[in-house]
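Remarks on the structure that follows.
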Amino acid sequence: MADDIYAKMAQSVIDGEAEEAAALAAEGLRQGLSPTDILDKGFVKGIEEVGDLFGRGEFFLPELVQGAEAMKAAVAVLRPELDKSAEGRKVAGKAIAGTVAGDIHEIGKTIVCSMLSAAGFEVTDLGPDVSVETFIEKVKELKPDLLLLSALLTTTMPNQQKTIQALKDAGLREQVKVMIGGAPTTRAWADEIGADGYAEDAIEAVAAAKQLVGAE
Amino acid sequence: MVGAEEVQQIHEAALRLLDEVGFSVLDAEAQGIFAAHGARLDDHRVHLSAELVGEALATAPAGYTVAGRRPELDLHVGLDAPPVFGGASSPAFVIDTSGRRQPTLDDVRTAVALVQMSPNIAVHGVSLSPQDVSVERRARVVLHTHVVGSDKACAVSVTPPSELEAALRVEEILYGSDWHAHPRLWSIINTTSPLQLSAEAGQALVRLARLGQPVCVAACAMGGTTAPATLAGLLAVQHAEVLAGLVLTQLVRPGCPFLYGGTSSVSSMRSGALLMGAPEYWPLTEATVQLGHHVGLPVRAGGALTDAHAVDYQAGAESALGLAAALRAGAQFILHAAGILSSFNAYSPAKFVADDGLLGALLVAQRPLVVSDETLARDAVAAAGPGGTLLTQAHTRQHARDLEHPTLMNHEPYETWHALGRHDLAVVATERVTDILDRYSPPDDLDSVTRRQLDRYCLT
């Protein structure tokens, strides 16, 4: 019986059905299933399958992103119960991502967020045009393992540097690993501004993120 | 090419998007301009009626002349004028024989010299951003390098606002305080798809329009990520964005020169990356030109664009197809007509000269096939007779030079080519760059007062 609903949960993520995933999460709780079981035996199996299918080239980006969205919808329903649960939730790591101030390009950053979610990270996406102050505030508030800074313009790249400097000034630099990305950025730029990680595309970003948080 | 009925359907779909979904305008002043003229404002989203769009189309000119440094360098942009070509615009990297790196001021000088020496490229693209010049001085130093190194027009960066300010100041130094009495500036205002105009882009647009300077609003929507994965939907989004830019331009200054821009393509559905060498890009380019012409506007589209990272077969094929599509459809302005690698991200001097050669060949191919007594050459055929040779005919002698064109392509037979070192085109193009730079000398048309003012403003 429970196995049935777990299979449906996994399938809702594979199908990228966010509403269905949220409804199944609520239904699982109503049936008295534990929130961690709902996640681990249900939705996580789905997102792992999505990740595998993407890795094998059978799934494309929209399927990956929509799978991650369905996962997010389920976690949102489970969140209050997960927070109460003494076990807590196992995640690969906690990440905050955003496009730096002055830059409203976010498609690349959004893809990275989806791929990280699919890889088991708990991701908070702050969106585009995020001020240095907001990044600092969110790092203080959410205490992430990873901070991901995106920039698509040569004119906004310096704001990646400013954000890292602000982390230092606020005494937060040692608490969080910083990754940067975006079309005009390079590994050399990442090194120059003291970022911990760099990736040229979203797939590489997941590998780099896992390595930085010691998830692999 | 898309059928006339389909073009109209896409146009109508765009009008519906503007009315029902709206266009997000992040600059408060631009929002106010839309609202003051009857656009519905819903937070930062403006909803435009078909009437507002129609009024803007009625005041936008079908063509205009951009004044050059001297009258013979004036460039006409219009439905009845030949296309204008621009060089690679704002790439983040340089790729040369040593690999990929960040641009330096020397690279800017090279790019400027190559455009100055080009037989086809009339407008410099927005400059490389030299990383060996401080951020505070960079825009001014780049402008100086362009103005001193070439008398050809230069597309200027209009964001951030400080870069536009620098460009306006340089115009004033060159042409006096009423420099803006004529259209002079080349620039690109990019939308942020889907259906969005950034605050900086909005500010730049309003500023340029107030000065009566040509406004080119260009979309680079990405099918599957920032626009629908289906080409019709993608074009409707692009068309809506450009029309919204047109409306703002014409509200600020009715009659302001406007260029309909689009280089939208599709995203990789595996990585999300923008693909400028995708086979969808070429019909999209044609349709972009058709949609602009459908509403009576001159169009900027196409380019020697490729996803390749080296001057190789892929780069050549994709670039040729990207250029040919824009030429065939009749684009008025083709920015990125030479020098781009890595899907807009990189500039290559060798690719620039290779593309310039390609462009020359395509322009020959574009020539109308003239049918007349002279070109039918009946007398020459009769004189040669069946089985004879045309080489002995005066007609052939008179037309021999019509068939000779400057080219980098190999037309030598195998053994000659082998003896010359078996070079592929990338090597030949690299050698040609050196040769062109050796022959290059900057123009000397600036008077000493202007030059001093320019030096003082740009270099201190």
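Some values worked out for this structure:
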quantity: Considering residues of the range B:102-127 that are open to solvent by 10 Å² or more (accessible area, probe 1.4 Å) and of a type in the set (A, V, I, L, M, F, W, C) only, the residue nearest to B:Ala166 (Cα to Cα); calculated: B:Val126
quantity: So A:Lys109, is it out of contact with any Ser or Thr (no Cβ under 6 Å at 6 or more places or on another chain) and not aliphatic (A, V, I, L, M); calculated: no
quantity: In the range A:194-216, residue most open to solvent (accessible area, probe 1.4 Å) [restricted to those that are more than 13 Å from chain B (Cβ to nearest Cβ) and assigned to a loop (DSSP other than H, G, I, E, B)]; calculated: A:Glu216
quantity: Output for the range B:317-334, where each listed residue is in contact with a helix residue (DSSP H, G or I) (Cβ under 7 Å, 6 or more places away or on another chain), part of a loop (DSSP other than H, G, I, E, B) and buried (at least 24 other Cβ atoms within 10 Å of the Cβ); calculated: B:Ala331
quantity: Residue satisfying all of: in the range B:69-100; within 15 Å of B:Cys154 (Cβ to Cβ) and in a strand (DSSP E or B); nearest to the other protein chains (Cβ to nearest Cβ) among these; calculated: B:Gly86
quantity: Selection status of A:Glu106, open to solvent by 20 Å² or more (accessible area, probe 1.4 Å) and either touching a Lys or Arg at 6+ places or on another chain (Cβ under 6 Å) or within 14 Å of another protein chain (Cβ to nearest Cβ) (or both); calculated: yes
quantity: Test: residue in the range B:335-345 that is surrounded by 24 or more Cβ atoms within 10 Å (Cβ to Cβ) and outside any loop (DSSP other than H, G, I, E, B); calculated: yes
quantity: Residue satisfying all of: in the range A:160-193; assigned to a strand (DSSP E or B) and out of contact with any Asp or Glu (no Cβ under 6 Å at 6 or more places or on another chain); farthest from B:Gln102 (Cα to Cα) among these; calculated: A:Met179
quantity: Selection within the range A:140-159 - open to solvent by less than 60 Å² (accessible area, probe 1.4 Å), more than 14 Å from chain B (Cβ to nearest Cβ) and closer than 14 Å to A:Gly197 by Cβ; calculated: A:Pro144, A:Leu146, A:Leu147, A:Leu148, A:Leu149
quantity: A:Gly127 being part of a loop (DSSP other than H, G, I, E, B), more than 10 Å from chain B (Cβ to nearest Cβ) and without any contact (Cβ under 8 Å) to a residue 24 or more places away in the chain; calculated: no
quantity: Search result, residues across the range B:366-381 that are closer than 30 Å to B:Gly125 by Cβ and in contact (Cβ under 8 Å) with a residue 12 or more places away in the chain; calculated: B:Gln366
quantity: Meets criteria (away from every other protein chain (no Cβ under 14 Å), among the hydroxyl-bearing types (Ser, Thr, Tyr) and farther than 22 Å from B:Asp80 by Cα) for B:Ser319; calculated: yes
quantity: Tabulated pairs, the range B:119-136, first within 13 Å of chain A (Cβ to nearest Cβ), second open to solvent by 50 Å² or more (accessible area, probe 1.4 Å), C-beta under 7 angstrom, 6+ apart or interchain; calculated: B:Val126/B:Ser90; B:Ser129/A:Thr154; B:Gln131/B:Gln102
quantity: Verdict on B:Gln238 being under 20 Å from B:Pro279 (Cβ atoms) and modelled with pLDDT of 95 or more; calculated: yes
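Quick grid of which residues meet (1) in contact (Cβ under 8 Å) with a residue 40 or more places away in the chain; (2) charged (D, E, K, R); (3) farther than 19 Å from B:Leu185 by Cβ:
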residue: B:Leu41; (1), (2), (3): no, no, yes
residue: B:His44; (1), (2), (3): no, no, yes
residue: B:Leu48; (1), (2), (3): yes, no, yes
residue: B:Glu51; (1), (2), (3): no, yes, yes
residue: B:Ala60; (1), (2), (3): yes, no, no
residue: B:Ser90; (1), (2), (3): yes, no, no
residue: B:Phe93; (1), (2), (3): yes, no, yes
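The values are calculated or read from the model by the stated rules, or taken from the named source; none is laboratory data. Computed from a predicted model, the values in this text were never measured in an experiment. Cβ: placed from backbone, ideal geometry, glycine included. Neighbour counts: every protein chain shown. In case anyone asks, the SASA skips ligands and DNA or RNA and just uses the protein heavy atoms, side chains included. Shrake-Rupley method; radii C 1.70, N 1.55, O 1.52, S 1.80 Å.
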